[in-house]
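To start, the structure under review is shown below, and the notes come after it.
The values are calculated or read from the model by the stated rules, or taken from the named source; none is laboratory data. Since this is a predicted model, take the numbers as computed values, not measurements. Cβ coordinates were reconstructed from backbone atoms using ideal geometry, including for glycine residues, and neighbour counts include every protein chain displayed. All accessible areas refer to the heavy atoms of the entire protein, side chains included, with ligands and DNA or RNA removed. Shrake-Rupley method; radii C 1.70, N 1.55, O 1.52, S 1.80 Å.
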Amino acid sequence: MGMEIREYSDSWEREVSDALSGRFGAAVEIAGSEVRRLFTKASRDNIHDVCRFLHDELNFEHCAIVMGVDMVDYMQVVYVIENYTNFRGLLVEITVDIQNDDLHIPTVSDIWGGANWHERETWELFGIVFDGHTNLKRLLTPDTYEFFPFRKSYKLRGQE
Amino acid sequence: MMADGSGKEGAGAEPTRAQVDAEQEFDRAIVEGKFDSVDMRKVLDAEGGVMDMDKMWITMGPQHPFSHGLWTLIIQADGEIVTDAIPIVGYLHRGWEKETENRTYPKIIPMADRLCYAASMTYTHLYCMTVEKALDLEIPEKAKYIRIVADEINRLQSHLMWLAAVGTDMGNFTIFLWASREREFWMDMNIRLCGARMTTNYPRIGGVRNDTPDIFDRDIIRCTEHFEKMIWEIIGLIDNSSIYQSRMVGTGIITREQCANLGITGPAARGTGVDFDARRDDPYDNYDKVGFEVPVLTAGDSYARYVVRMEEMLQSCIIIKDAMQKIQALGKNSPYRLKAPSRVPAGRHFGRIEDCRGEAMMYLVSDGTDKPYRLKVRSPIFINVSASKPLVQGCRIADIPVIMAMIDMCLGETDR
């Protein structure tokens, strides 16, 4: 697809969701859409392929967020991917569930350099390991920390 | 050494004739291509290994005049040229996102002010906008315009603070004083609008805290018109100076593709050819109803980023004048605040805003109680500073303050 800048039209969300379901079928679930927003769910096995497809085929050049959410029974990694040209301003949100006993997920920092620090941050705060990441070291918290402070099991004062 | 009379072991000893001949023969053999590529590789590796010892790691920061806050840039320098850089942040990590899980929604508003001290209202605006989206609340027209005006005042004072910092980075104290003086007028506008200079605590979930006072309506136009004249004096001070030109033009160059891939946003990206501004391309509040232009330059050096910021300041003045007309047309009696429920229904919502430094986002996961389940802040500078290695690689050590000043560090939001 070309790199030319286009003006917004309300068919964009459907175009992107059609492209995703055309390539991945039922493996990528389209959870809903709003104006300039598309919410999808992927799995750990295909998240790297989905990101590669969004980056290479649909020109999603910018990875805005990689974040973790502790749902107590399981963990989630949320990616927010953004386009600058042919779907300018469109955000695709990809949610991936991972089980507490196997907190591993492939890295996307080889696709977007900007995801590098997001993944380091998510690792140090949630303990989610990004396989293939080149430099998974603590960034914000002291190097001596042996716990992951943003997990729900880590209680703050007054939070029992 | 002199006493035993040998003289041959000393550092300054003359090489023997045989050594010189051997060396010359070796050099000739390289030139004539007598070595195969494997041998050649070994020779070059050996020389490169020796060269590596000349490189030096220098720690700049956390207490360093260039850093504008607490952060460290460890650079590897080969003579005067920077070959590698490792940014280190985290000195100011307060666990902001975790702290919000322990507070009710309205109590997070003053906390959001403390994310960024230079433009506090943009983050409060973003937080309120995200919660309003979760509540499915449509705020009054007037509140939207007031928020636009407040945002642009904050953008102006943040950019002026950046300009003052750039001035001292390049050794010109006049620019620091002039920019600080102009900034003081915008601080006065903050005082007239909400009573505080920096941490304003002004937007509310469902609108803004108070209507614009009469004294604000009168002075904001005077202040804008005054500033539109005064900014040209500062521009003249910089653009007519060959010292400024030689330190900004052609330094810190990255390509547009690199810039997008590394996640650099905001004026630094618009100076590199990324034609994107959330105010225009993903309009929030009433930004689609006021007229303004987005400056985009493709040069990708420090000077382009400087021009983009200066042009943004002029555009902010246009936005303020336009929005103030709309506020006055709505009249004094139109509502500016709605009552918002304290419990937010379960769901996931995110807000996006064009902060003065780049693209700021908040991602809210709510579980139906009066406290957020998880609130993530996407800070633009956190990602911009992660790209400092490609930005400073190949430049001179003296250019680092200027290049890093062009992404306008603010550590409060970086470390959160």
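Table for the structure above
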quantity: With every protein chain in place, the range B:144-251: carbon and sulfur % of accessible area (1.4 Å); calculated: 58
quantity: Accessible surface of the range A:1-74, 1.4 Å probe, proportion on carbon and sulfur as whole %; calculated: 47
quantity: Accessible area buried between chains B and A, both sides summed, probe 1.4 Å, in Å² to nearest 100; calculated: 3900
quantity: Separation of alpha-carbon centers, the range B:361-406 and the range B:75-142, rounded to whole Å; calculated: 9
quantity: 1.4 Å probe, heavy atoms, protein only - residues of the range A:134-160 losing at least 30 Å² accessible area vs chain alone; calculated: A:Leu139, A:Leu140, A:Phe150, A:Lys152, A:Leu156, A:Gln159
quantity: Reach of B:Lys34 by Cα under 25 Å, taken over lysines that are not fewer than 8 positions away in the same chain; calculated: B:Lys42
quantity: Accessible heavy-atom area order of B:Tyr373, A:Tyr145, highest first, probe of 1.4 Å; calculated: A:Tyr145, B:Tyr373
quantity: Kirkwood Rh and Cα Rg combined as Rg/Rh, the range A:23-160; calculated: 0.99
quantity: Percent RCO, i.e. relative contact order, over the range B:260-416, from Cα pairs under 8 Å lying at least 6 residues apart; calculated: 23
quantity: Rg over Rh, two decimals, the range A:14-74 (C-alpha only, Kirkwood Rh); calculated: 0.96
quantity: Cross-link reach list, lysines versus A:Lys137, counting only Cα pairs under 24 Å and skipping chain neighbours closer than eight places; calculated: A:Lys152, A:Lys155, B:Lys98, B:Lys376, B:Lys389
quantity: Percentage of interatomic Cα-Cα distances in the range B:232-274 larger than 12 Å; calculated: 65
quantity: Residue-by-residue Karplus 3J(HN,Hα) for the range A:84-97, coefficients 6.51, -1.76, 1.60, Hz, glycine and proline x; calculated: 10, 10, 6, 10, 4, x, 7, 10, 10, 9, 10, 10, 10, 8
quantity: For B:361-367, mean number of other protein chain Cβ atoms within 10 Å; calculated: 3
quantity: Kyte-Doolittle mean at least 0.0 and Cα axial length at least 20 Å: DSSP H helices in chain B; calculated: B:120-135, B:173-194, B:214-239, B:302-330
quantity: Per residue solvent-accessible surface (Å²) - the range B:262-334, probe of 1.4 Å; calculated: 32
quantity: Share antiparallel - DSSP beta bridges, chain A, percent rounded to 5; calculated: 70
quantity: Efficiency of FRET between A:His104 and A:Ser21 - r from beta-carbon atoms, R0 35 angstrom, step 0.05; calculated: 0.85
quantity: C-alpha long axis of helix A:115-126 to longest principal axis of chain A, angle in °; calculated: 40
quantity: Taking the range A:96-148 and dividing mean pair separation by its residue count, relative contact order in percent (alpha carbons under 8 Å, at least six apart); calculated: 33
quantity: Drop in accessible area of at least 20 Å² in the complex versus isolated chain, residues of the range A:66-96, 1.4 Å probe; calculated: A:Met67, A:Val69, A:Met71, A:Val80, A:Glu82, A:Tyr84, A:Arg88, A:Gly89, A:Leu91, A:Glu93
quantity: Beta bridge orientation in the range A:18-96: antiparallel %, DSSP, nearest 5; calculated: 75
quantity: The range B:265-352: mean projected area of Cα convex hull, nm²; calculated: 7.9
quantity: Hits among lysines - C-alpha to C-alpha of B:Lys332 under 22 Å, sequence gap 8 or more where chains match; calculated: B:Lys142, B:Lys144, B:Lys289, B:Lys321
quantity: Loop-located GluC sites (Glu not before Pro) in the range B:138-241 whose Cβ has at most 12 other Cβ within 10 Å (DSSP); calculated: B:Glu138
quantity: Euclidean distance of C-alpha centroids, the range B:226-268 and the range A:2-67, integer Å; calculated: 34
quantity: Solvent exposure of the range B:101-195 as accessible area per residue, Å², 1.4 Å probe; calculated: 28
quantity: Gyration tensor (alpha-carbon) shape descriptor, chain B, a/c threshold 1.5; calculated: prolate
quantity: Burial of 10 Å² or greater, the range B:87-121 residues [accessible area, probe 1.4 Å, versus chain by itself]; calculated: B:Pro87, B:Val89, B:Gly90, B:His93, B:Glu97, B:Lys98, B:Glu99, B:Glu101, B:Asn102
quantity: Solvent exposure ordering (accessible area, 1.4 Å, most first) of B:Ser246, B:Ser158; calculated: B:Ser246, B:Ser158
quantity: Percent RCO, i.e. relative contact order, over the range B:289-368, from Cα pairs under 8 Å lying at least 6 residues apart; calculated: 22
quantity: Overall form of the range B:296-416 per C-alpha gyration tensor (a/c, 1.5; a/b vs b/c); calculated: oblate
quantity: Cα-derived Rg to Rh of the range B:150-266, Kirkwood definition; calculated: 1.06
quantity: 20 °C / 1.002 mPa s Stokes-Einstein diffusion coefficient of the protein assembly as shown, Kirkwood radius on C-alpha pairs, µm²/s; calculated: 83
quantity: Potential extension, B:Asp214-B:Thr83 segment - 0.36 nm per residue separation minus Cα distance; calculated: 41.5 nm
quantity: Residues in the range B:74-117 reached by a label modelled at B:Ala398 [backbone nitrogen below 13 Å; 7 Å Cα→Cβ]; calculated: B:80-81
